[in-house]
1. Quick one: check the C-alpha center-to-center distance for segment 107-136 versus segment 217-247, whole angstrom.
2. May I ask you to order 105-117, 190-202, 238-250 by the average number of other C-beta atoms within 10 Å around their residues, highest value first?
3. Picking from SER49, ASN93, PHE238, whose Cα lies most toward the positive end of the charge dipole for the chain (charges on Cβ: Lys, Arg +1; Asp, Glu -1)?
4. How far, in degrees from 0 to 90, does helix 115-144 lean away from the longest principal axis of the Cα atoms of the chain, to the nearest 10?
5. How many percent of Cα pairs in segment 19-88 exceed 16 Å?
6. Quick one: if the Förster radius is 25 Å, what FRET efficiency do VAL160 and LYS265 give, using the C-beta to C-beta distance and rounding to 0.05?
7. With everything on Cα atoms, drop me the angle between helix 178-206 and the longest principal axis of the chain, reported from 0 to 90° to the nearest 10.
8. Show that you can apply the helix-only estimate: for the chain, add -39,500 (n - 2.57) for every DSSP H stretch of four or more residues, divide by all residues, and state [θ] at 222 nm to the nearest 500.
Amino acid sequence: MLASFLITFREGLEAFLIVGIIISYLGKLQATKYNKYIYLGVTLGVIVSLIIAYIFQVVLLGIDDANLKHYLMIGILLFATIVLSYMVVWMANQSKNIKGEIEENLNNLVTTGNILGMVFLAFLAVLREGFETVLFFSSLSLSQNITMQDGAIGGGLGLVLSVILVYLIMKGAKNIPLREFFKWTGLLILIIAGGLFGSAVSMMQASELLPTFVPMVYDISSILDDRGLFGTFLRALFGYNSSPTLLHLLSWSAYMVGAIYLWRKTYSAK
C-alpha cells in the first residue's frame, strides 16, 4: 500500500501542479473564461487513463497462454523500470523551467484563442501521469502480488494528499520545500524501480531467458524471511529477497549503483 501511495502521491502532485499553474496563470491573464476548457482536458485525461487501466487488466487477465503472459509480464516490468528511472531524472532537470514553459505556451494559446490547444495541454499533463501510474500499478501487482484493495487504498490516499498539497502551494504556501520533496521521493521511486528490475531478472531466469549461475548467494530467511510480515512489506516496496541468485543480486546492485549515482549527479548539478 505504501508503494502505491508514494507513486500516486508523486504522480498526482506533478499532474495537479501543472493544472494549478495553468489555472493560476489564466487568472493573471484575466482569461478565466477558459478555465472550463482546462477542466475538460483534465476530465478527458482521467477518462482515458481509466480506459488504459481497464485495457491493461483485460489484456493481462485474458491471456490463456502461460508463456506469452509470462513474457508480457517481463516486458511490462522492464518498461516500467525504464519509465520510472527516466521520470525521476526528467523531473529533476525540468523542475526549474516547467513553470515558465507552461506560461509561455499558455500565453500563446490565449493570444490566438486556441481552445483545442488549451484542452490538449491539460489533457496531456493528466494523461502522461495517468499512464505512468497505470504502468507502475500493473508492475507492482505483477511482481509483488499487491491486492486491488491495498492498491486502491494507497492510491486514493496519495491522490487526496497531492490535491491538498497543490491547493496549499497555489494559495501561497511558499515554505513547502517542493524541490526537496521531489529529490527524496525520486530516490524512493528509484529504489522501487530497482525492485521491479530485480523481479524481471528473476522471471527471466525462471523462464531460462537468463542463466542462473549461482542459485543462492546467501539465505537470511531465518533472520528476515521475504514471506514474513515485515519481509513481505519490504519485498512489496523495495523488491527485497532473502535468498537471491547471483545474477539477481548483481543486476539489482548494478542498477542501484548506477541509478543513485545519476540521481546524486543530477541534483548536485542544480
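Every read-out reported here was derived from the displayed coordinates using simple, explicitly stated rules and does not represent laboratory data. Bear in mind the structure is a predicted one, so any value in this text is a computation, not a measurement. Note that each Cβ is placed from the backbone with ideal geometry, even for glycine, and that neighbours are counted across all protein chains shown.
1. Each part's Cα centre sits 41 Å from the other's.
2. Working: 105-117: 14.7, 190-202: 24.8, 238-250: 19.7.
Descending packing order for the listed peptides: 190-202, 238-250, 105-117.
3. ASN93
4. It works out to around 20 degrees.
5. On the way: 1627 of 2415 pairs.
The share of Cα pairs beyond 16 Å in segment 19-88 comes to 67 percent.
6. Numbers: r = 34 Å, r/R0 = 1.36.
Approximately 0.15, to the nearest 0.05.
7. Long axis of 178-206 versus the principal axis of the chain: about 40 degrees.
8. On the way: 10 runs with 218 residues, N = 270.
It lands at -28000 deg cm²/dmol.
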